[in-house]
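*Asks:* Would you mind keeping the following structure in view while I ask a few things?
The values are calculated or read from the model by the stated rules, or taken from the named source; none is laboratory data. All values derive from a computational prediction rather than experimental measurement. Don't worry about glycine lacking a Cβ; one is built from the backbone with ideal geometry, like all the others, and counts go over all protein chains shown. Only protein heavy atoms, including side chains, enter the accessible area calculation; ligands, DNA and RNA are left aside. Shrake-Rupley method; radii C 1.70, N 1.55, O 1.52, S 1.80 Å.
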Amino acid sequence: MSDHHAKAPPEAATDSRPRRRLFVTETLVERAEIIPPREVSHRLLSVLRLPPGEVVALFNGRDGEWAAVLELAGKRDVRLAVSHRLKRQPVEPELQLCFAPIKQPRIDWLVEKATELGATRLTPVITRRTQMQKLRPERLEAIAIEAAEQCERLSVPRIEPAVALERLLAAWPDDRPLLFCDERGEAPLLALVAPPAPLAMLVGPEGGFAPEETAALRARAGVLPVSLGPRILRAETAALAALSMWLGAGR
Ligand code: SAM
């Protein structure tokens, strides 16, 4: 549940759109009743101070967006009584972001912004120069959920298990474009050559790709080196520039 209005006083709804959006895992159909986990109830009742009767919007990444009425189920729990569908589930272009993990808090920022920009899969890729740290996928997933709730998206990108670059390339299908963000070569600007979805983008670590990795990437069928402009961007900036350029190319 989005925290952007945390601790706001109760207020009357000013339009018919629910003020709060909530990601749930349950199937959404008319008359479904959902009892969210205790921490979600706490947030709805005590942090956001939503009153019983408040209409919230629910989504689960499959069934579209649904209106549900908040009811009390005991002192500390809520029940969400699903009423009607507000939006159909859109078909999203498959947009995979492969990125070398970076340190907190910048990885959090990357996940939040990539969610807002429509990435459907987030794949941590371990390269020679990746400053390996313990990845916490559940934490990244929580960030992605909150970002999806906040930006009115109806799905949450999948956080995939980390994979070594060699393994990623070995299993890569020849017919699936992988846009390799390459700051040192003479690659064309991503915005000028972006193919339509489904596709993936690959951004390296702060130290860049090792020369042998760059060579392996350039030799692989399906890999398309692309530039993000003349400056060397930080890894998280590069990821978001790549996603934005692809969107800007009208894809
Ligand atoms: N180690 C490199 C250096 O010092 O020259 C910089 C690496 S950069 C901080 C991290 C990653 O962002 C790169 O591996 C690349 O994938 C991507 N990147 C940054 N700037 C880029 C650009 N102008 N064009 C394409 N990719 C870029």
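*Asks:* Under a point-charge model restricted to the Cβ atoms of Lys and Arg (+1) and Asp and Glu (-1), what is the dipole moment magnitude of the chain relative to its Cα centre, in debye to the nearest 20? Mind showing how you got there, number by number?
*Replies:* Numbers: 35 positive and 33 negative charges, 79 e Å.
Dipole of the chain, to the nearest 20 debye: 380 debye.
*Asks:* Taking the Cα atoms of the stretch 162-251, report the difference between the largest and smallest coordinate on each principal axis, in whole Å and largest first.
*Replies:* 31, 29, 26
*Asks:* For the stretch 10-87, give the magnitude of the charge dipole about the Cα centre (Cβ charges: +1 Lys/Arg, -1 Asp/Glu; no others), in debye to the nearest 20.
*Replies:* About 160 debye.
*Asks:* Which value does Rg/Rh take for the stretch 102-235 over its C-alpha atoms, Rh per Kirkwood? Working shown, then result.
*Replies:* Values: Rg = 14.9 Å, Rh = 15.7 Å.
Ratio of gyration radius to Kirkwood radius for the stretch 102-235: 0.95.
*Asks:* Can you give me the pair-distance distribution of the stretch 10-87, C-alpha pairs, 10 Å bins, whole percents?
*Replies:* That works out to 20, 56, 23, 0, in percent per bin.
*Asks:* Between the stretch 185-251 and the stretch 27-45, how many Å separate their Cα centres?
*Replies:* Using only Cα atoms to place each centre, the spacing works out to 40 Å.
*Asks:* Okay, moving on. Using a 1.4 angstrom probe on the protein heavy atoms only, line up CYS151, CYS98 by accessible area, largest first. Write down the numbers at each step before the final one.
*Replies:* On the way: CYS151 45, CYS98 0 Å².
Solvent-accessible surface, decreasing: CYS151, CYS98.
*Asks:* Where Rh is the Kirkwood radius over the Cα pairs of the stretch 159-213, the temperature 37 °C and the viscosity 0.692 mPa s, what D in µm²/s does Stokes-Einstein return?
*Replies:* This corresponds to a translational diffusion coefficient of 254 µm²/s.
*Asks:* Moving to a separate point now. Only helical DSSP H runs with n ≥ 4 go in: add -39500 (n - 2.57) per run for the chain, normalise by residue count and round the 222 nm mean residue ellipticity to 500 deg cm²/dmol.
*Replies:* Calculated mean residue ellipticity at 222 nm is -7000 deg cm²/dmol.
*Asks:* Gain in length, THR25 to ARG234, computed as 0.36 nm per residue apart minus the alpha-carbon separation, to one decimal in nm?
*Replies:* That pair, THR25 and ARG234, stretches by 71.8 nm at full extension.
*Asks:* Scanning the chain for GluC sites (Glu not before Pro) in DSSP loops with at most 12 other Cβ atoms within 10 Å, what's the longest stretch left with none?
*Replies:* Here the longest segment lacking exposed loop sites spans 31-185.
*Asks:* Same structure, new question: With point charges of +1 on the Cβ of Lys and Arg and -1 on the Cβ of Asp and Glu, referenced to the Cα centre of the stretch 10-87, which listed residue (GLY61, LEU44, SER83) lies farthest in the positive direction of the dipole?
*Replies:* LEU44
*Asks:* Which three lengths, in whole Å and largest first, does the stretch 106-166 cover when its Cα atoms are put on their principal axes?
*Replies:* Projected onto its principal axes, the Cα set of the stretch 106-166 covers 37, 18, 16 Å.
*Asks:* Among LEU135, LEU165, ALA241, whose Cα sits farthest toward the positive end of the charge dipole of the chain (+1 at Cβ of Lys/Arg, -1 at Cβ of Asp/Glu, about the Cα centre)?
*Replies:* Positive-end residue among those listed: LEU135.
*Asks:* If I model a spin label at LYS87 and ARG38 as a point 7 Å from the Cα along the Cα→Cβ vector, what separation in nanometres do I get?
*Replies:* For LYS87 paired with ARG38, the spin-label model returns 3.3 nm.
*Asks:* Also: Could I have the simple spin-label model distance between ARG167 and ALA216, label points 7 Å from Cα toward Cβ, reported in nm to one decimal?
*Replies:* The two pseudo-label positions are separated by 1.2 nm.
*Asks:* Top to bottom by accessible area (1.4 Å), largest first, where do VAL24, VAL163 land?
*Replies:* My answer, sorted largest first, is VAL163, VAL24.
*Asks:* So what are the ³J(HN,Hα) numbers for the stretch 193-205, from phi and the Karplus equation (6.51, -1.76, 1.60; θ = phi - 60°), rounded to whole Hz, Gly and Pro as x?
*Replies:* Running phi through 6.51 cos²θ - 1.76 cosθ + 1.60 with θ = phi - 60° gives 10, 4, x, x, 5, x, 7, 9, 10, 10, 10, x, x Hz.
*Asks:* Per-residue HN-Hα couplings for the stretch 21-29, Karplus 6.51 cos²θ - 1.76 cosθ + 1.60 at θ = phi - 60°, whole Hz, x for Gly and Pro?
*Replies:* Values per residue, Gly and Pro as x: 10, 9, 7, 10, 9, 5, 5, 9, 9 Hz.
*Asks:* Based on Cβ point charges of +1 for Lys and Arg and -1 for Asp and Glu, what charge dipole magnitude is obtained for the stretch 22-157 about its Cα centre, in debye rounded to the nearest 20? Intermediate results must be reported in sequence, preceding the final value.
*Replies:* Details: 21 positive and 19 negative charges, 123 e Å.
Roughly 600 debye for the stretch 22-157.
*Asks:* With the alpha-carbon atoms as the only input, what is the per residue convex hull volume for the chain in Å³?
*Replies:* 138
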